[in-house]
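Scroll down for the structure; my scribbles are underneath it.
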Amino acid sequence: MINETQAKSILRKHKKIDSWFLTHYGLNLYRGCIHNCAYCDGRSETYRVEGDFGKDIEVKTNAIEILTKELDPARKRSPMPKSYMMLGGGVSDSYQPVEKKYELARKTLELIHKFNYPVHILTKSTFVERDMDLIKKINQQSRAIVSYSFSSASDNISKALEPGVSSPSERLASIRKFKQNGIACGMFLMPIIPMITDNPKMIEDTLRKGKEAGIDFVIFGTMTLKEGRQKDYFMNVVDKFFPDFSTSFDILYEHNDKWGGVNPDYYTSASQIFDTIATKLRIPKRIPPYLYRNFLNKNDLVVVMLEHLDYLMKLKNRQNPYGYAAYKISQIDQEIKNLSIKEISGINGIGPVTAKIIEEIIYSGTSKYLENML
Ligand code: SF4
């Protein structure tokens, strides 16, 4: 059922730049998702999506009117920090069937183009190709990334777990099309589903196909499973299609993490399998610097690169100071480019080695260390 509503605001500002998507702002034009993936955590009570998830959908019919005000730089007292506008993710897919009627995603892209922001789109639907013309214009003007999420490249598994979306083969073909049109593309290899899509052969097959299609990067994540609606629905689907695995899911998700995270030991071992394969295939495991270094301000650039270093070191099981250093930099009010190396080293948690990396990022726009680790 379609439920038309009026939203008070659309843009959601993050406390600091999000280094997964390279954005300060997320936006949801719809709430709920007809795609109805079995594992979708938008179904969890945590997000308070009303109605029957997978069947009911809320359409924010005044979204464009509000976004016109929220995105217009002339209406801002201080400029919005430049970063990708994130279209998609969260509790809905912007390119689900209802978009054919309301065209909120397309009209949002028109505004993003008008006000000259970069955009990063995340979807599971090849319907995004409808907007190829606009995405190309945005890409030429500022920058656009189109990312598809995958739990694997298996069309059969997708049919069982992702009944409403384009098949993985169609998503891969679509990546090829965007790449042929000069658009950068990402693969969000998430969620990896324990026992169903997590074996090394399947991960390698998915990454290899992504690489052949031309992806610029891959972002990896395991499935979350929150108690309540999400877990109940998912377990019903598992019982139907993969009856041998039910007990093991209970064990892997029994530790009561409020975010529904998988057992940490499992997460570490799955991440290491991913790391080994992505490294072998030479696919960057975070968005690479050439896709953002020209427009992020220096503070954001430093935060993103340090957080990426932190992630890459942790994948190798190496403790490191970069995550904390990124947090400290995200808290300062001054422009980091105006600080001397001595002042940067004086920030609590930033030692001389980290300060040197920060200095390189400020003056060259990148870090060779990061580029080598990607
Ligand atoms: S496409 Fe995304 S938001 Fe929609 S049901 Fe699937 S996982 Fe959830």
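Each reported figure results from applying straightforward, stated rules to the coordinates on display, with no laboratory input. Treat the numbers as computed from the prediction; the structure is a model and nothing was measured. Cβ sites come from the backbone with ideal geometry, for glycine too, and all protein chains shown count toward neighbours.
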#### Entry: Qualifying GluC sites (Glu not before Pro) for segment 1-57 [loop in DSSP, other Cβ within 10 Å: at most 12]
Glu50
### Query
What is the fewest-to-most order of His113, His120 by other Cβ atoms lying within 10 Å of their Cβ?
His113, His120
### Inverse mean reciprocal Cα-Cα distance (Kirkwood Rh) of segment 1-125, Å
15.0
### HN-Hα J in Hz across segment 73-83 - Karplus 6.51, -1.76, 1.60, θ = phi - 60°, x for Gly and Pro
x, 5, 8, 9, 6, 10, x, 6, x, 6, 6
### Query
In terms of modelled amide H atoms, which long-range or inter-chain residues lie less than 5 Å from the amide H of Ser166?
Thr126
### Query
Taking Rh as the Kirkwood radius, which is the inverse of the mean 1/r over Cα pairs, what is the Rg/Rh value for segment 298-373?
0.93
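Determine, for Ser94, Ser19, the number of other Cβ atoms within 10 Å of each Cβ, and report the residues in order from fewest to most.
Lowest count first: Ser19, Ser94.
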### Query
In terms of Cα to Cα distance under 19 Å, which aspartates and glutamates are near enough to Lys16, apart from those fewer than 8 places away along the same chain?
Glu70, Asp300, Glu307, Asp310, Asp333, Glu335
### Message
For a Förster distance of 56 Å, can you work out the FRET efficiency between the beta-carbons of Tyr267 and Gln141, rounded to the nearest 0.05?
### Response
0.90
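Which FRET efficiency value, to the nearest 0.05, is calculated for Arg176 and Asn256 with the Förster distance at 45 angstrom and r the Cβ-Cβ distance?
FRET efficiency, Arg176 to Asn256: 0.55.
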### Calculated [θ] (222 nm, deg cm²/dmol) that DSSP helices of n ≥ 4 give over the chain, each run adding -39,500 (n - 2.57)
-12500 deg cm²/dmol
### Task
Would you mind checking Lys159/Lys231; Lys82/Lys328; Lys60/Lys328 for any pair whose Cα atoms are more than 30 angstrom apart?
Lys60/Lys328
### Message
Under a crude label model (7 Å from the Cα following the beta-carbon direction), how far is Ser248 from Thr61 in nanometres?
### Response
4.8
#### Entry: trypsin sites (Lys or Arg not before Pro) within segment 76-119, DSSP loop, no more than 11 other Cβ atoms inside 10 Å
Lys76, Arg77
### Message
Counting C-alpha atoms alone, how compact is segment 99-182: give Rg to one decimal and Dmax as a whole number, in angstrom.
### Response
13.6, 42
### Summary
So, relative contact order of segment 74-147 in percent, Cα under 8 Å, 6 or more apart, is 35
### Task
May I ask you to work out the translational diffusion coefficient for the chain at 4 °C, viscosity 1.567 mPa s, via Stokes-Einstein with Rh from the Kirkwood sum over Cα pairs, reported in whole µm²/s?
60
### Message
Just want the answer: with Cβ charges of +1 for Lys and Arg and -1 for Asp and Glu, which residue in Tyr95, Leu291, Ser248 is farthest toward the dipole's positive end in segment 2-291?
### Response
Leu291
### Message
If the rule is a partner Cβ under 4.7 Å, which cysteines in the chain fail it?
### Response
Cys33, Cys185
### Query
If we count other beta carbons within 10 Å of each Cβ, what is the order of Ser78, Ser44, Ser340, fewest first?
Ser78, Ser340, Ser44
### Message
Test of the criteria: in segment 295-374, which trypsin sites (Lys or Arg not before Pro) are in a DSSP loop and have at most 12 other Cβ atoms within 10 angstrom of their Cβ?
### Response
Lys316, Arg318
## Note on the structure
One would report the Cα pair-distance distribution of segment 199-259, bin width 10 Å, in %, as 18, 37, 29, 16
## Note on the structure
The rounded separation in angstrom of the Cα centers of segment 1-62 and segment 102-165 is 15
### Message
Between Lys368 and Lys8, what is the label-point separation in nm under the 7 Å Cα-to-beta-carbon projection?
### Response
5.2
